[in-house]
Amino acid sequence: MIIAIASDHGGYALKEKIKEYLREREDVKIVDLGTNSEESVDYPVYGKACGEAVASGKADRGIVVCGTGIGISIAANKVKGIRCGLCTSVEMARLTRQHNNANMLALGGRTTDEELAIRITETWLDTEFEGGRHKRRTDMLDNM
Ligand code: RB5
């Protein structure tokens, strides 16, 4: 699975930690779309780039990180075909896959600690979409 990953400066440190975890997984190839330091940048640029990588099929899924995960998830969700879920718990990660078929995960680098963020990422990667009635609803999202 190809995972595109991007962050702003507020999410940079956590992005690097998530990459360390992803490198340990044999089923994942990482495409890092930046940013590459803690110098201030604009999260819409990185949310859009990661969303476009997923929507175009260059990546299978995407992970975006900003200070709270809020701004960069809003940016990603403006790209047609993206269903980006901001998760602050393992339960949310499980449900955003099972019910929303989220093709992108957003995390908050200043609001979610590293260890929890990695457990969230692992659950989000390893949980399948349930389909059924949830498919009707994700189709509605995709047609908006
Ligand atoms: C940057 O200071 C901060 O606003 C950003 O990382 C994010 O939290 C926005 O939602």
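Test of understanding: among A76, A59, which residue is surrounded by 16 or more Cβ atoms within 10 Å (Cβ to Cβ) and within 16 Å of the ligand (Cβ to nearest atom)?
A76
Between residues in segment 83-111 that are acidic (D, E) and residues that are away from the ligand (no atom under 16 Å from the Cβ), which pairs lie under 9 Å by C-beta distance while being six or more apart or on different chains?
So the pair list comes out as E91/T123.
So which residues in segment 1-54 are of a type in the set (K, R) and in contact (Cβ under 8 Å) with a residue 60 or more places away in the chain?
Correct list: K15, K17, R25.
Here's a check for you: in segment 35-56, which residue that is within 16 Å of the ligand (Cβ to nearest atom) and among the small types (G, A, S) is surrounded by the most Cβ atoms within 10 Å (Cβ to Cβ)?
Start the filter on segment 35-56 by keeping residues that are within 16 Å of the ligand (Cβ to nearest atom), which leaves 35-51.
Those left that are additionally among the small types (G, A, S): 37, 40, 47, 49, 51.
On the way: S37: 9, S40: 9, G47: 31, A49: 18, G51: 28.
Restricting to residues being within 16 Å of the ligand (Cβ to nearest atom) and among the small types (G, A, S), the top hit is G47.
Inspect all residues belonging to segment 94-114 and state whether any of them is of a type in the set (S, T, Y) and farther than 21 Å from Y43 by Cα. Quick ask: steps written out before the conclusion?
Taking segment 94-114 and keeping what is of a type in the set (S, T, Y), we get 96, 111-112.
Then drop every residue that is not farther than 21 Å from Y43 by Cα, which leaves 96.
Within segment 94-114, one or more residues are of a type in the set (S, T, Y) and farther than 21 Å from Y43 by Cα.
If G85 passes every condition in (1) small (G, A, S); (2) within 16 Å of the ligand (Cβ to nearest atom); (3) within 15 Å of P44 (Cα to Cα); (4) buried (at least 20 other Cβ atoms within 10 Å of the Cβ) but one, which one does it miss?
Among (1) small (G, A, S); (2) within 16 Å of the ligand (Cβ to nearest atom); (3) within 15 Å of P44 (Cα to Cα); (4) buried (at least 20 other Cβ atoms within 10 Å of the Cβ), G85 violates only (3).
Of all residues in segment 7-34, count the ones that are within 12 Å of the ligand (Cβ to nearest atom) and touching an Asp or Glu at 6+ places or on another chain (Cβ under 6 Å).
Number satisfying all stated conditions: 2.
Here, each number is a calculation from the coordinates, and none is a lab measurement. Note that the structure is predicted; figures quoted are calculated from it, not measured. Cβ sites come from the backbone with ideal geometry, for glycine too, and all protein chains shown count toward neighbours.
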